[in-house]
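What follows is one structure encoded as structure tokens, with my remarks underneath.
Here, each number is a calculation from the coordinates, and none is a lab measurement. Being a predicted model, the structure only gives us computed values, none of them experimental. Cβ: placed from backbone, ideal geometry, glycine included. Neighbour counts: every protein chain shown.
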Amino acid sequence: MSGATEQGAESFERAIERDQRIEPRDWMPDAYRGTMVRQIAQHAHSEIIGMQPEGAWITRAPSLRRKAILLAKVQDEAGHGLYLYSAAETLGADRADLTDKLISGRQKYSSIFNYPTLTFADVGVIGWLVDGAAICNQVPLCRTSYGPYARAMIRICKEESFHQRQGYELLMTMMRGTPEQREMVQDAVDRWWWPSLMMFGPPDAESANTAQSMAWKIKRHTNDELRQRFVDMTVPQAEALGVRLPDPELRWNPERGHHDFGEVDWAEFRRVVGGGGPCNAERIAVRRAAHEEGAWVREAAAAYAAKQAARRDAEQGREGEAA
Ligand code: FAQ
């Protein structure tokens, strides 16, 4: 180790120990940088792919008000993806390369977005359960050790809590409606409950990255801790809504002070993460087509930026001659 690296490594360890943030120009271990790029890229891809399941309902929303709300939510998700790609760029990642890795299947995105949205109740359930799980996982990331990621998460979490409330409000409205509407809500809850629990990642004993990410304070809680927190938070909300959570083993355990719940189907999780979920191929095909159809916009923006730069250079040259 050179003297400068040794000094860098010491100040990195000290910053982690004192709960200070690591900033882009600070020295950091290569593996820390690699983990941060992996997690932030996966998170950014999830936001962008996550626009598709709900986006499919924008043209079919049942009223102008619901359409406006859904449009705004999906736009927020695009914004979250952009902040996160920018945070990954501060680590030296290249945005075009990350997109290429997503559409060629070399980088992951959240398993949850590989399930279909069959009715408008799914929009409400995504807001309630998927955004609810996302908030549980992401609020602690506001204190993650990498500065640009932590700061991006503060704004993202504010918007996600608004998304969660809109989902809950939509479901409350449907639950006050006709028996058919109540059935639609229950059916959507039955389909999204288990995939929502999978969002937190594999059980701790099988989580390859948790121990190191906890030591570096990238993660503040383990996958199982956050999954438990989500279950405890959601059970009373389900009761207030009047829906059943589809788990016969779900019950309050007074000794643990938490709800016990059944075993997640981890074989299904692995299948979906491995590309074999109900919508994986469709999600990637849509993303790839959007990227290809957007090529002319990127080329036009690059040509405009080059023209502006050339004009600026010429003006500076003239000013230099005049002086
Ligand atoms: N899906 O060792 P661990 C949202 C992978 S945003 C797919 O435990 P780690 C907003 C994992 O990457 C939702 N892959 O990994 C919204 C690793 O892969 P490797 C996204 C998964 O990183 C709402 C391997 O398995 N949120 O919902 C999943 O320590 C509504 C082993 O796992 C984030 O990305 C999964 N569910 O912990 C948008 C939050 N779980 O090593 C639209 C930030 C694990 O082969 C509508 N991320 N894997 O590359 C995190 O907190 C963490 O990365 C975890 C995984 C907790 C997801």
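Structure data summary
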quantity	calculated
Distance in nm between pseudo-label sites at Glu225 and Ala31 (7 Å out along the Cβ direction from Cα)	2.0
Listed residues Asp232, Asp97, Asp187, most fluctuating in the chain (Gaussian network, C-alpha, under 10 Å)	Asp97
Debye intensity ratio in log₁₀ form over the Cα atoms of region 235-323, taken at each q of 0.17 Å⁻¹	-0.94
Furthest towards positive pole of dipole, Gly320, Ala290, Ala300, structure part region 278-322, Cβ charges	Ala290
Förster radius 35 Å - calculated FRET efficiency between Ala310 and Arg288 (Cβ-Cβ, nearest 0.05)	0.60
Convex hull of the chain built on C-alpha atoms - directionally averaged projected area, nm²	22.5
Spatial separation of Cα centroids for region 197-249 and region 1-47, in angstrom	26
Degrees separating the helix 179-198 axis from the principal Cα axis of the chain, which is the longest one	50
Qualifying trypsin sites (Lys or Arg not before Pro) in region 221-288, DSSP loop, other Cβ atoms within 10 Å at most 10	Arg256
Backbone HN-Hα couplings from phi across region 73-81 [Karplus 6.51/-1.76/1.60, Hz, Gly and Pro as x]	5, 5, 5, 4, 5, 4, x, 4, x
Loop-located GluC sites (Glu not before Pro) in region 241-314 whose Cβ has at most 16 other Cβ within 10 Å (DSSP)	Glu249, Glu255, Glu263
Proximal charge balance of Ala150 [Cβ under 9 Å; K/R count +1, D/E count -1]	+3
Degrees separating the helix 295-322 axis from the principal Cα axis of the chain, which is the longest one	30
Nearest-ten-degree value, helix 280-293 long axis tilted from longest Cα axis of the chain	40
Cross-link pairs Lys73/Lys217; Lys73/Lys108; Lys101/Lys158; Lys158/Lys217; Lys67/Lys108 - those with Cα-Cα distance over 26 Å	Lys73/Lys217; Lys101/Lys158; Lys67/Lys108
Inter-label distance, nm, simple model (7 Å from Cα along the C-beta direction), Arg298/Asp260	5.3
Kirkwood Rh in Å, taken over region 151-226 so that all alpha-carbon pairs contribute	15.2
